[in-house]
Structure formats: structure tokens, C-alpha cells
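For reference, the structure discussed in these notes is given below.
The values are calculated or read from the model by the stated rules, or taken from the named source; none is laboratory data. Bear in mind the structure is a predicted one, so any value in this text is a computation, not a measurement. Using ideal geometry, Cβ is built from the backbone for each residue, glycine included, and neighbour counts are taken over all protein chains shown. In case anyone asks, the SASA skips ligands and DNA or RNA and just uses the protein heavy atoms, side chains included. Shrake-Rupley method; radii C 1.70, N 1.55, O 1.52, S 1.80 Å.
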Amino acid sequence: MSPREYDESDVRVRPGRRGSRPRTKRRPEHSDAVPAMVTTVDRGRWTCAPDGDSTRPPVTAMRARELGRTPIVVGDQVGLVGDLSGAPDTIARIVRVAPRDTSLRRTADDDDPVERIVVANAEQLIIVTALADPEPRTGFVDRCLVAAYAGGLAPVLCLTKADLADPDGFAGQYRVLDLPVLVTRRDRWPGELAQLLVGRVSALVGHSGVGKSTLVNALVPDAALAVGRVSAIGKGRHTTTAALALPLPAERGGGWVVDTPGVRSFGLAHVTPDDVPAAFGDLAVAIEDCPRGCGHLGPPADPECALDGLVAEGRLAPARLIALRRVLTALG
């Protein structure tokens, strides 16, 4: 039997799938996306304030597929599309995350290389410390200062319970760093702190019992209501360990306070010794003359540190350098 000859009529072409189209790397531009600020994060859902306006209903959103696993944290400026009414059972999509101006970061401990962003785009870090009950600890304050300087935030030291102890001794250790130091009492409204927060995004950190919650409740009358609303989003999970942005009253100038109750300490594995003096304009230039690998701690560890030369020339106060190096020891 001779082999059969085939022609084009014997070829069968499987029809393509209905609606199929070639893959492309192009992504939609979403030119109509509405800017918003992320105020809470909980289980794959983000609560956002459209246009950063706290008077509008908050919008619950999910991350668009094209963003992949892009991290989105409280304080991030994002673009929203979809249902922005804020009505129950509605959801929008986050399609864009803007570059961050600042980022408060920490690691689990000093040996953990994985960074975690606590808050994005905060302008200030308010470090809340009690003068008594519990006793103030310079170690925690110093670590907070390092994290603030490394992340681009302006640190502010807020000393509470001044009705129980004299603030001058503890405050004096930090005023030489040109660090704003505010003092509050339990029997007075924190007016000076409230004025400093007007129109800004400020993150608050502090140990349990230092009076941070008291300050938040005084500054944000609806703070308890906002926390309850977030708990509902989390399906009953108590969310006091997650960062939460709370709006300051518009009649007092507005602004946002980011409460970070879950932050009790800062692992600083992501910070280098240069990050701290680099936050000071006059010192940032000086450390360029330091040898490579200088920890800026001075003799005997760093005998050629250029900061000692500034003191010898009378361009840097010795007390300021001592305070700076005490903060740097937090990296040890």
C-alpha cells in the first residue's frame, strides 16, 4: 500500500477561546484615580480618606492586581478607583502608591535584616515619655530618635505627668540636640502639643502607661469611636496593635495623628551610623571627612572621627556631641 498524501484540507485548526487576547505588559493608566491617604490597614483591606479629607466618609479598598505585593501602609498616598461612596459593603481599588517622603521603619530586633514600615509620610515623630510612673528611660527615647533621623521625620520629645516630677533634669539631656521638648500635665489640656500638630501628619510612640492614650483622647474627641469602627472592619479583632491615623478637629486647624500602640521598641538593624549625624545640616558635611566605617563614637573606637575636630575648633558644643554619641550607642 502506498503512503497517503496529505494536503491542507487534512489540517484541523483548533478554534481560539472566545474572548481571548494576547497578553501585554501595558497597564491601565487610571488617569481618573482619586488621591487618598491610607488611615488603617487590616487583613488585606485598606481604609482611605479621599483627598485626605476627614469629613468625607472613609472608603474601604483592596489592592489592585497589577500592584502585586506592593506594600501599602498607614500614611501612604494612593490612587483610588471604583466605588468611593464609602457606603456599607462597597469596595474600591488602590491602583497607585506614590513615592514616600518619609518612612518610620523598624526591624523585629537588631539582628533582623527585614525592615517593616510602621508609618509613611509622617512629618513628625512625637516620642511620649512619662517623667514618673513609669520612670523615663533614655534607651527607648534614643532608639526612637535614631529611627526618626534615619526615616526623615522631625522628632519631638513629649514629657507627660509633669505634675509628678520635675522635667528639667531629663529634658536637659535632649535640648542640647536642638530637639523640641514639650511638657504636659494630667490636669491640663495639652495646648502646646495641639498647636504643634496643626495641619501636619504626626506619629505618636510610647510605652504602655506613659499617658499616650490620654493625649490622643484629649486631642481627638472621637478617637474611641474611630477605633471601634476599625475593629468592626477587622471582623471582631481588637486592632489596638495596628497603626491608626486619626483626624484632628477641623475647627482647630486639622491635621492627622497616627497612633502606633503596637510599637514598643525599635530594632535598628536597617540604620547605619551615618544616618544620625546626617540628619543635622552642620554635621552632615563634617562626617564626609570621617574614615570609611567610622561609627562616630570617638576614641578609642573611632579615634579619627571628624566630629572631634569640630569640638576642637569651637564649632560644636561638647555637650551636644556627648548627647549625639549617647544616641548613637543605641545602634550598638
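Which cross-chain or sequence-distant (5 or more) residues have an amide H under 5 Å from the amide H of Leu246, H modelled 1.01 Å from N in plane?
Val257, Val258, Asp259
Tabulate in residue order the Karplus-calculated ³J(HN,Hα) for segment 115-129, using 6.51 cos²θ - 1.76 cosθ + 1.60 with θ = phi - 60°, rounded to whole Hz; enter x for Gly and Pro.
Coupling constants for segment 115-129: 8, 10, 8, 7, 9, 10, 6, 6, 7, 9, 10, 8, 8, 8, 9 Hz.
Does a label point 7 Å from the Cα of Glu115, set along Cα-to-beta-carbon, have any residues of segment 57-96 with amide nitrogen under 18 Å, and which are they?
Taking a point 7 Å out along Cα→Cβ of Glu115, the residues of segment 57-96 whose backbone N falls under 18 Å are 69-77.
Would you look at the GNM of the chain, springs on alpha carbons closer than 10 Å, and say which of Ser31, Ser202, Ser85 moves the most?
Comparing Ser31, Ser202, Ser85 in the GNM, the peak value goes to Ser31.
I'd like the GluC sites (Glu not before Pro) in segment 239-332 restricted to DSSP loop residues with at most 15 other Cβ atoms within 10 Å, sorted by number.
When the GluC sites (Glu not before Pro) of segment 239-332 are filtered for loop state and at most 15 Cβ neighbours within 10 Å, Glu304, Glu313 remain.
Per residue of segment 192-206, in order, report the coupling 6.51 cos²θ - 1.76 cosθ + 1.60 (Karplus, θ = phi - 60°) as ³J(HN,Hα) in whole Hz, putting x for Gly and Pro.
Couplings: 5, 5, 4, 5, 5, 8, 4, x, 10, 9, 10, 9, 10, 10, x Hz.
Identify unpaired cysteines across the chain, taking unpaired to mean no other cysteine Cβ lies under 4.7 Å from the residue's Cβ.
Cysteines lacking a close Cβ partner in the chain: Cys48, Cys144, Cys158, Cys305.
Starting from the Cα-Cα distance between Arg252 and Arg175, subtract it from 0.36 nm times their residue separation and give me the gain in nm to one decimal.
Here the segment from Arg252 to Arg175 would lengthen by 24.9 nm.
Rolling a 1.4 angstrom probe over the protein heavy atoms, how many square angstrom per residue are accessible across segment 81-138?
51 Å²
Tell me the net charge near Val271. Cut-off is 11 Å between Cβ atoms, Val271 excluded, with +1 for each Lys or Arg and -1 for each Asp or Glu.
Counting the neighbours of Val271, the net charge comes to -1.
Please check which bits of segment 265-303 a label hung off Ala108 would reach, taking the label as a point 7 Å along Cα-to-C-beta and the cut-off as backbone N under 16 Å.
Answer for segment 265-303: 265-270.
May I ask you to list the residues of segment 99-120 whose amide nitrogen lies under 15 Å from a point 7 Å from Cα along the Cα→beta-carbon direction of Thr70?
Within reach of a label on Thr70, which here means backbone N under 15 Å from a point 7 Å along Cα→Cβ, segment 99-120 contributes 99-101.
Connecting C-alpha atoms closer than 10 Å in a GNM of the chain, tell me which of Ala223, Ala243, Ala301 has the biggest fluctuation.
In this elastic network of the chain, the residue with the biggest mean-square fluctuation among Ala223, Ala243, Ala301 is Ala301.
Restricting to bridges with both residues inside the chain, how much of the DSSP beta-bridge set is antiparallel, in percent to the nearest 5?
That works out to approximately 55 percent antiparallel.
How much mean residue ellipticity at 222 nm does the chain get from its helices, if each DSSP H run of length 4 or more adds -39500 (n - 2.57) and you divide by all residues, to the nearest 500 deg cm²/dmol?
Per the formula, -6000 deg cm²/dmol.
What are the ³J(HN,Hα) values, in whole Hz, obtained from phi via the Karplus relation 6.51 cos²θ - 1.76 cosθ + 1.60 with θ = phi - 60°, for each residue of segment 250-255 in sequence order, with x given for Gly and Pro?
Calculated HN-Hα couplings, in order: 4, 5, 9, x, x, x Hz.
So which residue, out of Arg65, Arg292, Arg186, gets the largest mean-square fluctuation from a GNM of the chain using Cα contacts under 10 Å as springs?
Per the Cα network of the chain with a 10 Å cutoff, Arg292 tops the list.
Let me know the shape class of the chain, please: from the alpha-carbon gyration tensor, a ≥ b ≥ c as square roots of the eigenvalues, rounded when a/c is under 1.5, otherwise prolate if a/b is greater than b/c, or oblate.
Verdict is oblate for the chain.
Give me the extension gain from Arg56 to Ala132: residue separation times 0.36 nm, minus the current Cα-Cα distance, reported in nm with one decimal.
Length difference between fully extended and current span is 23.3 nm.
Once amide H atoms are placed 1.01 Å from N in the peptide plane, what residues at a sequence separation of 5 or more from Arg63, or on another chain, have their amide H within under 5 Å of its amide H?
Amide H neighbours of Arg63: Ile94.
Quick query: amide H of Asp302 versus all other amide H atoms, modeled in the peptide plane; which residues come in under 5 Å with a sequence gap of 5 or more or a different chain?
The answer is Leu297.
How far is helix 318-328 tilted off the main Cα axis of the chain, in degrees rounded to 10, range 0 to 90?
Once rounded, one gets 40 degrees.
Using a cut-off of 12 Å between beta-carbons, work out the net charge of the residues near Lys161 (Lys and Arg +1, Asp and Glu -1, Lys161 not included).
-1
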